[in-house]
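Just below is one structure, and these are the notes that go with it.
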Amino acid sequence: MCTSPGVAYDLGYHVVWCPKYRRPVLEGRVKDRLEELIRAKADEPGWEIVALEVMPEHVHLFVKSHPKNSPSYVANQFKGFTSHHLRAEFPHLRSPLPTLWSRSYFVATVGAVPAETVQRYIDTQDERPSKGGGRA
């Protein structure tokens, strides 16, 4: 539970997004840098990253934020910031993709299930067999 003047809150969002055309470009140095950028972006407004898993073709993020930040704002802050920096640092991400991220994303508030369940789901993504063609 977090507090600020006049409010107590515990808001967690499970956010999932993919590269354009779901290309598997989030590997190696790109993956490592993406994780650094996500953590840096979360630090700016004081958001807490509970779990983060970067797969080759999508990102799972469980983040806690202040109630003044809408889920769409949170998702778009991460997508915009990371796209700008990754495309500047890795030129190979500019040529095959008109934009780094798809315009779509999935976001769910964490409340219907315990936060630990969402964290466990994200933490075990790399242990799950790929369904081939499934959506995030």
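Quick notes on this structure:
- Those residues of the stretch 14-30 which are touching a Pro at 6+ places or on another chain (Cβ under 7 Å) and either under 25 Å from R120 (Cβ atoms) or hydrophobic (A, V, I, L, M, F, W, C) (or both), in sequence order: P24, V25, L26, E27
- Candidate set: the stretch 52-88, residues that are closer than 13 Å to L11 by Cα and polar (S, T, N, Q); chosen: the one surrounded by the fewest Cβ atoms within 10 Å (Cβ to Cβ): S70
- Count of residues meeting criterion [closer than 15 Å to L34 by Cβ and either within 14 Å of the chain's Cα centre (by Cα) or among the small types (G, A, S) (or both)] in the stretch 87-101: 3
- Looking across the stretch 22-51, the residues that are assigned to a loop (DSSP other than H, G, I, E, B) and either hydroxyl-bearing (S, T, Y) or under 26 Å from V110 (Cβ atoms) (or both) come down to L26, E44, P45, G46, W47.
- Residue in the stretch 46-63 that is among the aromatic types (F, W, Y) and on the phi > 0 side of the Ramachandran plot present: no
- On the stretch given as the stretch 1-28, residues that are within 17 Å of the chain's Cα centre (by Cα), over 20 Å from L97 (Cβ atoms) and aromatic (F, W, Y) total 1.
- Some residue of the stretch 42-51 being crowded, with 17+ Cβ neighbours inside 10 Å, aromatic (F, W, Y) and under 9 Å from the mean Cα position of the chain (by Cα): no
- Selection within the stretch 115-136 - at pLDDT 70 or above, surrounded by 11 or more Cβ atoms within 10 Å (Cβ to Cβ) and within 16 Å of P24 (Cα to Cα): Q125
- Selection within the stretch 1-20 - part of a strand (DSSP E or B) and not β-branched (V, I, T): C2, S4, A8, Y9, L11, G12, Y13, H14, W17, P19
The values are calculated or read from the model by the stated rules, or taken from the named source; none is laboratory data. Not measured: the values here are computed from a predicted model. Positions of Cβ are generated from backbone atoms using ideal geometry, with glycine treated the same way; all protein chains shown enter the neighbour counts.
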